[in-house]
Each structure stands twice: as C-alpha cells, then as structure tokens.
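The structure appears below as structure tokens.
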Amino acid sequence: MQSHPLLFFRVTHKGKASIAFRRILFIAVIGSGIFGFLLAGVAFLVGRSVNSYGYAGLGFLVLIFALFARHFFRDPDAIVPAGRGLIVAPGHGRVDVIDETEELHFMGGRCRRVSIFLSVFDVHIQQAPVSGRVALVRHTAGQFLNALNLESAALNENVVMGFEPTEPACGRVAIKLITGLIARRIVPWAAVGDVVSKGDRVSLIQFGSRVDIYLPANAEVAVKLGDRVVGGETVVARLK
C-alpha cells in the first residue's frame, strides 16, 4: 500500500454505515426473539421445556453476529492524496484484475479496468475515485455468483456509477459495484447531478463483493496484481 501526504478528511455521508449496522442489529435481535418465542411454544406443545443453555446459545450467536456486523460496517475517514490527475481506489480490498475491456454505457467503448475484490473482512464503504459530477447511476439485475469468481463482474447484479471529472477534465471515470454470493444489496448514496470530491463516500455494499473501476485509455495504472488498496487513499492510476 502506498503512502500519501494528508490533504483533508472527507465527511460526506459519514455515519450512514452506523445507521445500516443498527438496522441490521435490530432485525437480528427481533428475529432471535421471535425464534426464541417459537422455540418455547414448540417445547410447550410437546411437553418439554427449553433449558437456559438453549437461550444462552441463542444469545451467544446474536452477540457473535453483532460483533461481526459492527466490524463489517466500520467506516474510517479517507486520507486523500494531494496532486492533480490522481485517481484513487473506490474501495478497500485486493487488486486481482488489471486489463482492458469494453464499457459502452458510460465510457463509450474500450477502456482500462482495475478490479478489486472485497472479502467480508474488508471495509465495504465505496469512495469517489475523482472529483467531479455524478453523471450516471445505473442498476442492472443479475446473478449472485461468488465474488471470487471473475465472471461475477459480468454476470452479477451491479450498479454502475459514472463520474465526469473536474480535476483535471480529461476523460470520464466509472465504478461498477458488484454483488456477491452473500452480498445482495448495493446502497448508492450519490445521485445523478451530485458534485463529489475525491474520497467522498458514495455507496455501501453489504457483505463480500467486488468493485471495478473503469479508466480512460490514456490512464497510467499505478497498482499491480495482488496489491491491497485503501478506498479514497491508494492511487490506482494517474491521468496523463
């Protein structure tokens, strides 16, 4: 991971991940309560009682889930690198694809692509890779293949978010938010017409997934396969 000088801390949409965590935790607690009630009802009908170990085990599972979810929904501030023409990683994870591809909906044809795999242990907030205007937010229904499968980038449900950069104005940049086997919900926070700064929080994918970034053909990729990147911080490319 590269080290970059501090520019500023972005705070747009800060706190939304915590709201999502509290919602998930509330659902888990209510669900476990209903399950415990049904368990007690079944035990009563068959003339048995549920001992304290059964409820303790249920409570332990809820606690483990709560700790995992709290870790999953963590939302660190991005330390955005200074300098013109720098494109930062849109997500936290490991680079496992660097290639050229066709992206017709926003990039208009051939472009460079860097794909980042996000495991369930990575931060799942996504950041704007450039400063500019959000010009596209396009949802496409699809499958829910394991995000480790490279075919998931083409076949899975996804949201493409396109940016028209203002710094510098030399080509469009897009990110593709991709669901996974467990991750089945993409929550865009930025809408068409929004003006964002590099490193701003723009979306959340709940649980393991993948994020692609589409770059202009003249972009110089600054990462290599296997690199771990930090959303909003690691420079993935430079615009010439």
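Each reported figure results from applying straightforward, stated rules to the coordinates on display, with no laboratory input. Given the structure is predicted, the values throughout are model-derived calculations rather than measurements. In this analysis, Cβ positions are derived from the backbone assuming ideal geometry, glycine residues included, and neighbour counts consider all displayed protein chains.
Brief remarks follow.
- Spin-label model distance (nm) - LYS224 vs ARG110, 7 Å beyond Cα toward Cβ: 2.5
- Full extension of the chain between VAL29 and ARG238 gives 70.6 nm of extra length, using 0.36 nm per residue less the Cα-Cα distance.
- Length available on full extension from ALA141 to ILE98: 0.36 nm per residue minus the Cα-Cα distance, which gives 13.0 nm.
- Sequence ranges 96-108, 124-136, 77-89, ranked by mean other-Cβ count within 10 angstrom, highest first: 124-136, 77-89, 96-108
- In this structure, ARG133 and ARG185 have a Cβ-Cβ separation that, at R0 = 25 Å, corresponds to a calculated FRET efficiency of about 0.45.
- Stokes-Einstein diffusion for the stretch 86-239 at 20 °C, viscosity 1.002 mPa s, with a Kirkwood radius from C-alpha pairs, works out to 145 µm²/s.
- Using R0 = 41 Å, the C-beta based FRET efficiency linking VAL192 and LEU38 works out to 0.35.
- Based on Cα contacts under 8 Å between residues 6+ apart, the stretch 87-240 shows a relative contact order of 34 percent.
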